[in-house]
1. When you go through (1) open to solvent by 20 Å² or more (accessible area, probe 1.4 Å); (2) within 16 Å of the ligand (Cβ to nearest atom) one by one for residue 28, which number turns out not to apply?
2. Being open to solvent by 20 Å² or more (accessible area, probe 1.4 Å) and of a type in the set (Ser, Thr, Tyr), is that true of even one residue in region 222-237?
3. Does residue 122 qualify as being touching a strand residue (DSSP E or B) at 6+ places or on another chain (Cβ under 9 Å), under 18 Å from residue 81 (Cβ atoms) and not acidic (Asp, Glu)?
4. Under 7 Å between Cβ atoms, at least 6 apart or on separate chains: pull out the pairs that start in region 32-61 with a residue that is farther than 16 Å from residue 87 by Cβ and end on any residue that is in a loop (DSSP other than H, G, I, E, B) and open to solvent by less than 20 Å² (accessible area, probe 1.4 Å).
5. Conditions: (1) closer than 30 Å to residue 265 by Cα; (2) within 11 Å of the ligand (Cβ to nearest atom); (3) of a type outside the set (Val, Ile, Thr); (4) touching a helix residue (DSSP H, G or I) at 6+ places or on another chain (Cβ under 8 Å). Residue 156 meets all but one. Number of the miss?
6. Could you count how many residues in region 194-218 are within 20 Å of residue 258 (Cα to Cα), within 16 Å of the ligand (Cβ to nearest atom) and open to solvent by 10 Å² or more (accessible area, probe 1.4 Å)?
7. Tell me, yes or no, whether region 104-111 has at least one residue that is among the small types (Gly, Ala, Ser) and in contact with a strand residue (DSSP E or B) (Cβ under 6 Å, 6 or more places away or on another chain).
Amino acid sequence: MTHLPSSHPNVGNDAAAASLLGFVRHGHGPEPVLVLHDWLGDHGNYAAMTPYLDGDACTYVFADLRGYGLSRHLTGACTVDEIAADCLALADHLGWPRFNVLGHSMTGMVTQRLAANAPDRIKRAIAVCPVSAAGNRLGPDAYAFFASTAHDDEAFCRLMQYVTGGLGRGWAQAKLRRHRASVAPACRIPYLDMLVHTDFVDEVRGLTTPYLVIVGDKDPGLDEAAMRQTFLAWHPNAQLRVMPNCGHYPMQECPPAFAALIEAFLADKAV
Ligand SMILES: O=C(O)CC1=CCC(=O)O1
């Protein structure tokens, strides 16, 4: 991976440069792919799968949202509109008039926001274990538990084990270390509130963007049934794939199989 900081010299003006999302680029192929991370990780979620990606076919840009990883210094409103605007600014900076977008979990809804805001710019969308435009309406106890992971290391580890069907302590602790090092404390709850309370379903129904929706069969909440009631119900050109023996993090739990799945979709010449 090539590391390009957000202060890359090709940025057009100071204001744009100051708020450009940090990113990591991989590959040089003709198919541009903007890759977004989840609530609890950053671009590092994808490190295990990059050796299996075809860099001659695609150019991947792994972006960090404000408050995360290479954008840890950037503050903001932590809304889906802000993320979508930041993504389009990054695509402009990269010289990408039209591109593919991949969102994971929390940023599943960002793929929909982008497809609704800029349908001519989004070639295809991939939504991985995604929270949809309907938000993830957690009840009070579940919300309190999710919120506690922002400061309670044990709760964080329990969540990491729960959403992967019981992976071990080593997995949970590795996720915890990366999270605590790369996610600014001030943005943890605001992004949770975004993923819980956002609702723009009426703006995405009927969008014809080609969609690949991927879930793991060990992800307890964001499962096949949930996808059929959301993404598959709203997007006429959506297809669903269920990854076997995989939880909420296919890019880390099943890297080569996940890479093959997304690249088969990205290679579809009909689009
Ligand atoms: O990963 C996210 O963005 C949010 C989330 C954490 C566990 C889960 O099921 O969703």
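The values are calculated or read from the model by the stated rules, or taken from the named source; none is laboratory data. Just so it is clear, the model here is predicted, and its values are computed rather than measured. With ideal geometry, Cβ positions are generated from the backbone for all residues, glycine too; neighbour counts draw on all protein chains shown. These area figures cover heavy atoms from the full protein model, side chains too; ligands, DNA and RNA do not enter into them. Shrake-Rupley method; radii C 1.70, N 1.55, O 1.52, S 1.80 Å.
1. Single failed check for residue 28: (2).
2. yes
3. Yes: the conditions hold for residue 122.
4. Taking only residues 6 or more apart or on different chains, the pairs are 45/37; 45/38; 45/249; 54/29; 55/29; 56/29; 57/29; 58/29.
5. (1)
6. Total meeting the criteria: 2.
7. Scanning region 104-111, I find at least one residue that is among the small types (Gly, Ala, Ser) and in contact with a strand residue (DSSP E or B) (Cβ under 6 Å, 6 or more places away or on another chain), so the answer is yes.
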